[in-house]
Amino acid sequence: IGSIVQSRQSKLWLQFDSIFRFTEEYKRHDSYIKTLHGFSNRVIRERKAELAENILNNNVANSSDAYDDLGKKKRLAFLDLLINASKDGTVLSNEDIREEVDTFMFEGHDTTSAAISWTLFLLGSYPEYQERVVEELHAIFGDDKETPATMQNLMDMRYLECCIKDALRLFPSVPMMARSIGEDVKIGNYLVPAGTTAIIVTYMLHRNPKVFPKPEQFNPDNFLPENCAGRHPFAYIPFSAGPRNCIGQKFAILEEKAVLSTILRKYKIESIDRREDLTLLGELILRPKDGLRVKITKRP
């Protein structure tokens, strides 16, 4: 689907549905959409069955009366909220729920895996920062390399989070985004009229030397609390900003911490490629043309 979307964006004639319908790409597009929607529908169907079974068995673990490992009352998962809303008479059709599931499934997997890959690559290129992360993990887990991280453990991985954030600054998963201007905007001596499509190039925005000294250098210290103080909230927007920001950004960071900490507790990472030798492709996400090569060594 990503490949077809890219093709339609670059070929003006394919942007017309009346023409696109007569192409081979349309047939593949239709087939892929059915596969993707079928996957989302299966997830919803299985979760509905699980919830129904929990009610029958009076299972508290997945109910709103359960508590997490921080001692806080568990909040319902987003999908569970949607399913409950559809049962309570709220106007939410199965298609409405599926569209929300689509967003999490298909917007969240590629962006998150890209962020994990870039963070590993940068930590492999700058061993001094990798060692600081390993020291932090040792302070949390000691010599234990097997016990899964709890939510509290993930919250304590503050320096690892700084590393993820600076990786997203240099290599934002979404390198640019478009927004339609809703009203006339005056910028300096220029008037940007309503209806204009503005392209925000995140990749360039994050390299403003007035905000980030030595902007091309990987430096997780950019995101230490003292260095974030007073920074404009729109100077760093890997998840966009404002009312259309990424609904899953907190979950994405937790997911990345969980995967990266599991790897770094067990393995040392060394990058084989040099940053300056990489060719970047700004497709639906920012990706290296030929992938990222790293050497993995088991930690003693």
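The values are calculated or read from the model by the stated rules, or taken from the named source; none is laboratory data. Quantities reported herein were computed from a predicted structural model and do not represent experimental measurements. Cβ: placed from backbone, ideal geometry, glycine included. Neighbour counts: every protein chain shown.
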| request: Would you check if there is a residue in region 36-50 being farther than 30 Å from residue 92 by Cβ and either assigned to a helix (DSSP H, G or I) or of a type in the set (Lys, Arg) (or both)? | output: no
| note | When region 218-261 is checked residue by residue, the ones that are more than 29 Å from residue 105 (Cα to Cα), in a loop (DSSP other than H, G, I, E, B) and polar (S, T, N, Q) are 219
| note | In region 241-281, residues that are in contact with a helix residue (DSSP H, G or I) (Cβ under 6 Å, 6 or more places away or on another chain) and of a type in the set (D, E, K, R) total 5
| remark: Every listed condition ((1) outside any loop (DSSP other than H, G, I, E, B); (2) modelled with pLDDT under 95) holds for residue 132 save (2)
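Is it true that residue 257 is among the basic types (Lys, Arg), under 22 Å from the mean Cα position of the chain (by Cα) and surrounded by fewer than 17 Cβ atoms within 10 Å (Cβ to Cβ)? Give the derivation first.
Working: among the basic types (Lys, Arg): yes; under 22 Å from the mean Cα position of the chain (by Cα): yes; surrounded by fewer than 17 Cβ atoms within 10 Å (Cβ to Cβ): no.
The answer is no for residue 257.
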| request: Return the only residue of 194, 198 being free of Cβ contacts under 8 Å to residues at least 40 places away in the same chain, in contact with a Gly (Cβ under 7 Å, 6 or more places away or on another chain), not hydroxyl-bearing (Ser, Thr, Tyr) and not assigned by TED's automatic domain parsing to the domain that holds residue 113. | output: 194
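Go over the candidates 166, 156, 184 one by one and state the one that is of a type outside the set (Lys, Arg), surrounded by 13 or more Cβ atoms within 10 Å (Cβ to Cβ), over 20 Å from residue 114 (Cβ atoms) and modelled with pLDDT of 95 or more.
Details: 166 fails: over 20 Å from residue 114 (Cβ atoms); 184 fails: surrounded by 13 or more Cβ atoms within 10 Å (Cβ to Cβ).
Checking each option against the conditions leaves just 156.
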| said: Need the failing condition index for residue 23 against (1) modelled with pLDDT under 85; (2) of a type in the set (Ser, Thr, Tyr); (3) surrounded by 15 or more Cβ atoms within 10 Å (Cβ to Cβ), just the number. | reply: (1)
| request: Can you give me the number of residues within region 197-224 that are among the polar types (S, T, N, Q) and surrounded by 12 or more Cβ atoms within 10 Å (Cβ to Cβ)? | output: 4
| request: Filter region 109-142 down to residues that are closer than 19 Å to residue 221 by Cβ, among the small types (Gly, Ala, Ser) and surrounded by fewer than 16 Cβ atoms within 10 Å (Cβ to Cβ), then give me how many there are. | output: 1
| query | Filtering region 201-245 down to residues that are without any contact (Cβ under 8 Å) to a residue 24 or more places away in the chain and among the small types (Gly, Ala, Ser), which residue is nearest to residue 130 (Cα to Cα)? | reply | 229
| task | Keeping to region 263-300, report how many residues are hydrophobic (A, V, I, L, M, F, W, C), closer than 16 Å to residue 127 by Cβ and part of a strand (DSSP E or B). | result | 3
| query | Which one of the conditions (1) acidic (Asp, Glu); (2) more than 17 Å from residue 164 (Cβ to Cβ); (3) touching a helix residue (DSSP H, G or I) at 6+ places or on another chain (Cβ under 8 Å) does residue 290 fail to meet, given that it meets all the rest? | reply | (3)
| request: Please go through region 230-248 and pick out each residue that is of a type in the set (Gly, Ala, Ser) and at pLDDT 95 or above. | output: 235
